[in-house]
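The values are calculated or read from the model by the stated rules, or taken from the named source; none is laboratory data. All values reported here derive from a predicted model rather than from experimental measurement. Cβ coordinates were reconstructed from backbone atoms using ideal geometry, including for glycine residues, and neighbour counts include every protein chain displayed.
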Amino acid sequence: MKPAIYLDNNATTPVDPRVLDAMLPYLREHFGNAASRNHAFGWEAERGVERAREQVATLINASSKEILWTSGATESDNIALKGAARMYREKGRHIITQVTEHKAVLDPCHWLGEEGFEVTYLPVDRFGRVTAEQVRAAIREDTILVSIMHANNEIGTIQPIAEIGALCKEREVLFHTDATQAFGKVPIDVEAMGIDLLSASAHKIYGPKGVGLLYVRRRRPRVRCEPLFHGGGHERGMRSGTLNVPGIVGMGAAAAIAGEAMESESRRLAGLRDRLWEGLSGRIDAIHRNGDAHNGLSNTLNVSFAYVEGESLMMGCDGIAVSSGSACTSASLEPSYVLKAVGVDDALGHGSIRFSLGRFTTVDEIDATVEQVAQAVGRLREMSPLYELAREGMTPDTMESTS
Ligand SMILES: *Cc1c(COP(=O)(O)O)cnc(C)c1O
C-alpha cells in the first residue's frame, strides 16, 4: 500500500515543481557541457551553473568562487575530511568531531583513524549538544580540523556553530560543518560563523538527488583540499568530472526558494511540529521527546514510545511514511547510535520514531497522523504485558528485578 502521508523529509524531499521547471531546459535544449568553451551549448550550460553558484553562495554569505559542486553531501563530507587531512598532514594529525555526526562524517573519520590520523569523538549532552568549551579542551598543538554538524538529521538538535567557529579561528584550526539539514532551513553565514568548509545537498531542500556542494573558504585563510578524483581539473582542481548541469541548476533554484521562504516556512513548520507533539502527548502516555525542544530544527520531531517497537508501530500506521531510528541504519536491528548518545536506553530506542515535516505537509495530515499513531500505540500496548505491569505501578526496572 502506498503511504498517503509523507513525514520523512529528513531522508529526502520531493522536487519542488518550480525547481523542476528551472531544470527542464537544461535537460532539453541547454544540454551542453559546461566545460565546452568553443560554442553556445557550452556557454549556455556554464551560465546556468554560474547562476546556481551565485544562488547557493548568497544563501550562506559566501562568494560564488568558494562553491564546489559535488554529487551530494556524502561526497562533500569525504572531500572536506580526507582532502583537508591529506593537505594539512604535515601540520598535524589530530581531528575533532562528535558522536552524533552522520555516517558520511563518521566513516571517513574512522578511515582516517586507520590511515594514521588521531580522531577525538566528543560526547553530547542529553539534548544532543556539544559545547565550544568541549572543543576548546580537545584542541591540541597538532589539531588540524574540527568537524561538527550544524543540525542533526535524526533528532534535529542545532549545534552552537558560531561559537565553535570563533574558537577555531582563534586557535587557527580549520572548521568543517555538515550543514545538510540546516542549509536552507536556518540562517547560515560562513563569515559570521567562522566556517571554513561546509557540506550541503540538494535533495534535502526540494532539489534533485545526486547533487550537492562543498563550500571551501578562499580568504583568511585560503583553504585547500586534496582531490579524491583525478581528472580534468574541474572545480579549482578539487573535484574533477563533467558537471551535472540540470542538477546544479535545480540546486540553485531550490536554494533561492529556500532563502525566500525560510522565515515563513520555519514558522509554519514549527507550528505543525508543536501541534503534532501536543496531539501525541495529549493522547498517549509514557512517551518522550528526543532532541533539543528549544534549539532544534522546526521540522523535526523524534519521539520514543515506551512499550512498543518502532517497526511494529510503523507497520501499524502504514498510511504514514516515517523513520524508525536513522534512515541509514534502520536496516540493522541496532537501536540508533544517535539516541544511544543522548542517553535513550535500548528498549526505548527501539520504540522511537522520527517525524520530519516538509514544505508540502498540511494540518490535516498532522491531525490524521496523531489519530493513526494513537490508535496503533493503543493496539500494540493492549498486547504488551510490560505495559500492563507498568499501569499497575511497576516500572520496567522493578519488573526486571522481580522476575
Ligand atoms: C542526508 C545527509 C547526508 C548525506 O547526503 P547525500 O546528499 O544523500 O549524500 C549527510 N549528512 C547529513 C546530516 C544528512 O542529513
Quick check on this structure: which one of 161, 248, 195 is assigned by TED's automatic domain parsing to the domain that holds residue 71, closer than 23 Å to residue 294 by Cα and buried (at least 24 other Cβ atoms within 10 Å of the Cβ)? 161
Here are some conditions: (1) among the charged types (D, E, K, R); (2) within 18 Å of residue 120 (Cβ to Cβ); (3) within 11 Å of the ligand (Cβ to nearest atom). Residue 154 meets all but one. Which one does it not meet? (2)
So, restricting to strands (runs of 3 or more DSSP E) that lie completely within segment 212-316, which ones have at least 1 residues that are closer than 30 Å to residue 25 by Cβ and in contact (Cβ under 8 Å) with a residue 12 or more places away in the chain? 212-216
Mind checking whether some residue in segment 386-398 is at pLDDT 85 or above and among the polar types (S, T, N, Q)? no
Does residue 78 satisfy the criteria of being away from the ligand (no atom under 16 Å from the Cβ) and closer than 20 Å to residue 216 by Cα? no
State yes or no: is residue 287 among the β-branched types (Val, Ile, Thr), over 28 Å from residue 211 (Cα atoms) and at pLDDT 95 or above? yes
Need at least 1 residues that are over 25 Å from residue 144 (Cβ atoms) per element, so show me which helices (runs of 4 or more DSSP H) inside segment 1-104 make the cut, counting only ones lying wholly within it. 17-27, 40-59
Screening 98, 55 for residues that are touching a strand residue (DSSP E or B) at 6+ places or on another chain (Cβ under 9 Å) and either surrounded by 20 or more Cβ atoms within 10 Å (Cβ to Cβ) or without any contact (Cβ under 8 Å) to a residue 24 or more places away in the chain (or both) leaves only 98
